[in-house]
Amino acid sequence: MKVLIDTNVILDILIKCEPHFNDSLLFMRLCGTRITGCITASQTTDIFYLLRRYGKDGQSAKDILKKLTDNIKIFDITAADVMNALSAKMPDYEDALLACCAKRQKAEYIITRNDKDFNASCVPALSPQEFLEKYFCV
């Protein structure tokens, strides 16, 4: 099963955001083994920026990204994805871009804490907790 992971789920782990940390960590531990977890290329720059903002130096932020990509795949973003996101009926462009990439890459779900942001997405959204409950009886 292939899923696209929203940046907020990754940040839950990297900055130990409670009360979401445990569910996000359990979910991420499945990536690369039981599920194919993916992010977009544009998310890597967002994560790098946020790590720097939370006090990591540039090399540490790069090391964290390298470790992260050991277990998850990176989707490219095409010009068509950009154009589709710009015309999508989703108010947030970044979320629309994720939804367009997820659709093109045939992801089954978008894993996010903000599933309401993806109501207009063709790819359904689940929280890490909902995903774990649905597929792994956690």
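The values are calculated or read from the model by the stated rules, or taken from the named source; none is laboratory data. Source: prediction; values computed, not measured. Glycine also receives a Cβ, built like all others from the backbone with ideal geometry; neighbour counts cover every protein chain displayed.
For region 31-39, check the following and say yes or no: at least one residue is at pLDDT below 95 and small (Gly, Ala, Ser).
Yes, region 31-39 contains a residue that is at pLDDT below 95 and small (Gly, Ala, Ser).
Please go through region 81-93 and pick out each residue that is part of a loop (DSSP other than H, G, I, E, B), closer than 20 Å to residue 41 by Cα and among the charged types (D, E, K, R).
92
Within region 1-55, track down each residue that is outside any helix (DSSP H, G or I), loosely packed, with under 13 Cβ neighbours inside 10 Å and among the basic types (Lys, Arg).
16, 34
Can you pull out the residues in region 17-55 that are over 15 Å from the mean Cα position of the chain (by Cα) and β-branched (Val, Ile, Thr)?
33
To keep it simple, each residue is scored yes or no on (1) over 12 Å from residue 9 (Cβ atoms); (2) within 13 Å of the chain's Cα centre (by Cα); (3) not in a helix (DSSP H, G or I).
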site: 95; (1), (2), (3): yes, yes, no
site: 103; (1), (2), (3): yes, no, no
site: 110; (1), (2), (3): no, yes, yes
site: 113; (1), (2), (3): no, yes, yes
site: 116; (1), (2), (3): yes, no, no
site: 122; (1), (2), (3): yes, no, yes
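Please go through region 56-80 and give me each residue that is part of a helix (DSSP H, G or I) and under 16 Å from the mean Cα position of the chain (by Cα), ordered by number. Outline the logic, then answer.
Initial filter on region 56-80 (part of a helix (DSSP H, G or I)): 58-68, 79-80.
Once the filter is applied, which keeps residues that are part of a helix (DSSP H, G or I) and under 16 Å from the mean Cα position of the chain (by Cα), region 56-80 yields 64, 65, 66, 67, 68.
I need the full set of residues from region 62-76 which are more than 13 Å from residue 10 (Cα to Cα) and crowded, with 16+ Cβ neighbours inside 10 Å, in order please.
To start, the set of residues in region 62-76 that are more than 13 Å from residue 10 (Cα to Cα) comprises 62-63, 66, 70, 73-76.
Scanning region 62-76 gives a single hit, 75.
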